[in-house]
Structures are given as C-alpha cells and as structure tokens.
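Working notes, structure below.
The values are calculated or read from the model by the stated rules, or taken from the named source; none is laboratory data. Every value quoted in this text rests on a predicted model; they were computed, and no experiment measured them. Just the protein is used for accessible areas: all its heavy atoms, side chains included, with ligands, DNA and RNA removed. Shrake-Rupley method; radii C 1.70, N 1.55, O 1.52, S 1.80 Å.
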Amino acid sequence: MVVLSEDDGGVRILTFNRPERLNAWTAEMGRRYFDLLEEADRDPSVRAIVVTGAGKGFCAGADFADLTAIQSGEYADEQDPRPNTFPTTLRTPVVAAVNGACAGLGMVHALVCDVVVTADDAKWTTAFSRRGLVAEYGLGWILPRLAGQARAMDLLLSGRVFTGAEACAMGLAVRAVPGERLLAEAVAYAKELATQCSPASMAIIKRQIWGGWQAGLDEARDEAVRLMTESFRRPDFAEGVASFLERRPPDFPPLV
C-alpha cells in the first residue's frame, strides 16, 4: 500500500510508503491518504492523527514521472475532488512528523497539517522556482502567515534547501528533534492531545484558526464569544472542570 495506517492508543499513524522514491506524491497516493484521513476523522476512537514518511523522506514533492507526463500532455489520471488543503477541513488534529526530504508539494502537505514536528536534519525546500513552477496549492498564502513575508519571499523565490532546525526557527515547525526520536516525540505529543484534550474543543479551535486567517479582529472576537457561550453548554466543559478539580485524567466524549 502506498500509505500505511496503524493505531497507537487513540492516535492513528499514517505513513507515506514509497520509500524508494522518497515518498514522491502520486494521484494514487493522494487518494489513499485522503481516504484514510476521512476514515480516521469518522472513527470516534481516533483522537489525533500523525502523518510521516517511510525511509529517508517525508515527501519529496510530485513524482517526476507525473511531471513528465504533464509536460508531454499524456497525464490522464482522474483529479481527486478533495483539495490538497483537505487536512485543514478535518475535525481531528493532524500532526506532521517530517522525517526527511520535504520538498515542493511535500512541503505543502506538511504545512497544511495542524502541528509540525521535524527531524532537525531533514531537508526542506519549496523547489518551485527551480522547476519553472509557482507557489502551488496555497503555499503562497500559508508561508507568509507562518514565517512572515520576508522569509516566505526568500524560500519561494530562491527555492533553496534548508534544514528542519531552520524550519523550526522560522516557525514552520513547533519542534526540531534528532531523527531517531522524531516519531516517538510526535506520537507522544499526539497522545497528549488524545488523552488530555476535548475532541469538540480541538475541532472548533481548528476551525477558528484555519478560518480565522481571513477574518478581522472584531469578527474573530465576536465569533469566539459565540463559540465560548456554546461550549459552556457542552458536557466537555463540565468534564474538563471536574477532572481538574478532582485531579484525575479527563474522560471527554468522542465527537458525534
């Protein structure tokens, strides 16, 4: 299978599985990945998702066989209706564990996850300008918001290679760790979300953040007040307060 799936407690781990191609992206891989994301998002036992790559790469961008077929006009694979920003629409938090090469479209797929943890020596690059392409799939919108306009311009215009440690310093990842500890740390982080945080709260927070980038401060504030008032009526609020006062782990209900 081009994407593997396994469970670890309340965490679903998805692994891009074309290691001989540094997990270069294909239409088949995309369909499988999005199907597995949808499946995980519907499963009430899954509280968080971790995405990583097999072998030495996270995702080295679009497969060159596909790029060559596009160039020659021979590419005929059916377009998936789900956009590459699909993970942002899920209710379940998605953690990217960038273990190695993270280039072009692979970088898009890392940064549309909600949280990114990277190996400190992973090689990152936008690559587009060096292939005669543009900032694809919303990366020209996402990068300035994560790293600032100056850094986004640098990364997109130059297409230079930079390390996971630099990606973290620029705000593209929350943590850069030695590669041998990467998956364990990403899964441990996801397990904390799965065991300590309300699924309903996380789903709404995701919507606030990804949707809030287009809103003004006043609009975002008013929407937060409305959502907070609704949260007071949910069982998650009662459980969150009770578990804190009783000094025990919370037992939040699954998403319906």
Legend entry - Positions within the range 155-172 being on the phi > 0 side of the Ramachandran plot and under 15 Å from the mean Cα position of the chain (by Cα), in sequence order: 171
Legend entry - Spans of strands (runs of 3 or more DSSP E) in the range 23-138 with at least 2 residues under 20 Å from residue 209 (Cα atoms), modelled with pLDDT of 95 or more and not assigned by the TED database to the domain that holds residue 206: 48-53, 94-98, 115-119
Legend entry - Residue that is within 15 Å of residue 125 (Cα to Cα), open to solvent by less than 50 Å² (accessible area, probe 1.4 Å), assigned by the TED database to the domain that holds residue 8 and among the small types (Gly, Ala, Ser), where the choices are 176, 152: 152
